[in-house]
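Let me begin by presenting the structure, written as structure tokens, before commenting on it.
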Amino acid sequence: MKWGTNYKKASLIKKDGRIASVQRGKSHGEAQGDMSWLMNMIAVMGLVLGVCQMASAATEQDALSISHYEAKNPIAQVLWIPSEYGVLPQEKKLAKQLQKKGVSVLMPDLFDSYFLPAAPSSMTKIPPAVVANLIEKLRYDHPELPLFVIAPNQGAALAVKALVKVEQSPVKNLGLILLNPNLYVKTPEAGKSAEYWPSVLQLNLPVMVLQAELSPWHWHLSSLSQRLSHGGSDVFIKVIPKVRDRYYFRPDAMSIEQQTAAHLATDLTNAMRLLSGYLAESRKAGTNGSALSLAMEQPEEQPKLDESTPPNDDALPVYKGAQNRRLVLQDMDGKTINLKDYRGKVVLLNFWASWCPPCVHEMPSMAALKTQLKGQGFEILAANLAEDKAAIHAFVKSHPVNFPILLDPKGSAVKEWKVFAYPSSYLIDKKGQIRYALFGGYEWTSPAAMHAIEQLLKE
């Protein structure tokens, strides 16, 4: 089987041929002689420049720590961009599986090469130009093979930035596969809009997104698709059912995640086959232009709140996003719960899932908080992320709670409340105004939490 189309190597001289006609003001004979001399010199300079550029790229590549998995008679090649978790043993295993399927894999360890720890903070310290050079080198060395860049998690942003650099000139035979991509500039605060890297709007390639179903990001795929397609990209999305983000390398992987991970190499080759039908088109990166506003979702009104600050470093973050968000969901007994009916009470609205360790960790403190504030006009509503009732019943049986569990099977509340991380919590006052919001696990009986809630109860 062959994927993609063949194309010839670009001429190094042609790259510099644009400045050929620069000599003016002499007689025809003189100009013709000078022009001939000049063209020869330009050709020589072009060759020297090209050789220097290739030598520089080769030196730079040699300085990188790279693992090669060369397939015999390859039908495609892959450049695997590491995520914030580094180059993982599970990914090296995937590279070997792809190698057996006829796909050559290049796997650079960009953290080791730049003496950086494998961490989210390191991702923006790796120059996209280095990745762009690797892409160009692979395309130059094997122009007959389709090249697929694979990038998981925050590696997606580095890959997109590099590909936009490559696409400053027209390209063919190049595709992108994203695994649970994180293309946000930073994790959005609870209730706030997501800001995407501007390069997302410029990309113009065939793109496949493989997204785990059990993830808040699953509910924001339409927004991601809109932004990826803005620059001209053909975008395809496959939701991987019943698994969490990072399912193929989680230390706490569930049985279904282990089974799904065993088929990931096949999922990747299937994605390559799908994208191969779109590789023949010559593509060039788009421009941001006035559409840069798409990188940031519509700004929201930020009410001015003058709140007293809880007396320690665990202070709840004051909420500055849009108000009057709608919440109408059914509980486990089929009763409709409307947030408006809780006016006159202070409400803690929590978005959670049974497969989320921080969610499970904070549940006991939430139950203790509810007991401690019994009879004082305080309530907790816990909206579950689209799990079936059987899974929730099993969880509640082993982790008893004393507050309503709400069902959000279609993710409507997740999208309405702009939830991008689990758990996410909102503390709502008696007038229905969101006063505090945060993502991540929290100790709800801490002095900081009690101080904030008691102040709201006194209002």
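Annotations
- Tabulated pairs, the range 100-116, first touching a residue at least 60 places away in the same chain (Cβ under 8 Å), second in a helix (DSSP H, G or I), C-beta under 6 angstrom, 6+ apart or interchain: Lys101/Thr269
- Some residue of the range 402-410 being polar (S, T, N, Q), without any contact (Cβ under 8 Å) to a residue 40 or more places away in the chain and either under 18 Å from Pro357 (Cβ atoms) or in contact with a Leu (Cβ under 8 Å, 6 or more places away or on another chain) (or both): no
- Residue match in the range 179-190 (condition: under 22 Å from Lys415 (Cα atoms) and in a strand (DSSP E or B)): yes
- Of all residues making up the range 338-376, the number that are free of Cβ contacts under 8 Å to residues at least 12 places away in the same chain and outside any helix (DSSP H, G or I): 3
- Qualifying residue in the range 385-400 (condition: buried (at least 22 other Cβ atoms within 10 Å of the Cβ), at pLDDT 90 or above, touching an Asp or Glu at 6+ places or on another chain (Cβ under 7 Å) and not β-branched (Val, Ile, Thr)): no
- Filter pass, Ser122 being more than 25 Å from Ala271 (Cβ to Cβ) and in contact (Cβ under 8 Å) with a residue 40 or more places away in the chain: no
- Of all residues making up the range 113-137, the number that are open to solvent by 20 Å² or more (accessible area, probe 1.4 Å), assigned to a helix (DSSP H, G or I) and either of a type outside the set (Val, Ile, Thr) or modelled with pLDDT of 95 or more (or both): 9
- Residue in the range 276-290 that is more than 18 Å from Val164 (Cβ to Cβ) and crowded, with 18+ Cβ neighbours inside 10 Å present: yes
- The set of residues in the range 182-206 that are open to solvent by less than 10 Å² (accessible area, probe 1.4 Å), under 13 Å from the mean Cα position of the chain (by Cα) and under 25 Å from Ser276 (Cβ atoms) comprises Leu183, Val200.
- Filtered by the rule that a residue be surrounded by fewer than 20 Cβ atoms within 10 Å (Cβ to Cβ) and either on the phi > 0 side of the Ramachandran plot or not in a helix (DSSP H, G or I) (or both), the range 138-160 gives His142, Pro143, Glu144.
- Within the range 318-337, the residues that satisfy the criterion of being open to solvent by 60 Å² or more (accessible area, probe 1.4 Å), part of a loop (DSSP other than H, G, I, E, B) and modelled with pLDDT of 90 or more are Asn324, Arg326, Asp333, Lys335.
- The set of residues from the range 390-419 being farther than 21 Å from Gly191 by Cβ and of a type in the set (Phe, Trp, Tyr) comprises just one member, Phe395.
- Applying a threshold of 6 Å to beta carbon distances and a minimum spacing of six or more residues, or different chains, the list of pairs starting in the range 224-239 at a residue that is β-branched (Val, Ile, Thr) and ending at one that is assigned to a helix (DSSP H, G or I) reads Val235/Ser225; Val235/Leu228; Val235/Ser229; Ile237/Leu221.
- Hits in the range 173-190 - residues which are within 14 Å of Gln77 (Cβ to Cβ) and of a type outside the set (Val, Ile, Thr): Asn173, Leu174, Gly175, Leu176
- Residues being small (Gly, Ala, Ser) and surrounded by fewer than 14 Cβ atoms within 10 Å (Cβ to Cβ) - total across the range 353-384: 2
- When residues of the range 234-254 are limited to those that are of a type in the set (D, E, K, R) and part of a loop (DSSP other than H, G, I, E, B), the one surrounded by the fewest Cβ atoms within 10 Å (Cβ to Cβ): Asp252
The values are calculated or read from the model by the stated rules, or taken from the named source; none is laboratory data. Model, not experiment: these values are computed from the prediction. Because the Cβ atoms are built from the backbone with ideal geometry, glycine has one as well, and the counts that use them run over all protein chains shown. Surface areas here come from the heavy atoms of the whole protein model, side chains and all, with no ligands, DNA or RNA. Shrake-Rupley method; radii C 1.70, N 1.55, O 1.52, S 1.80 Å.
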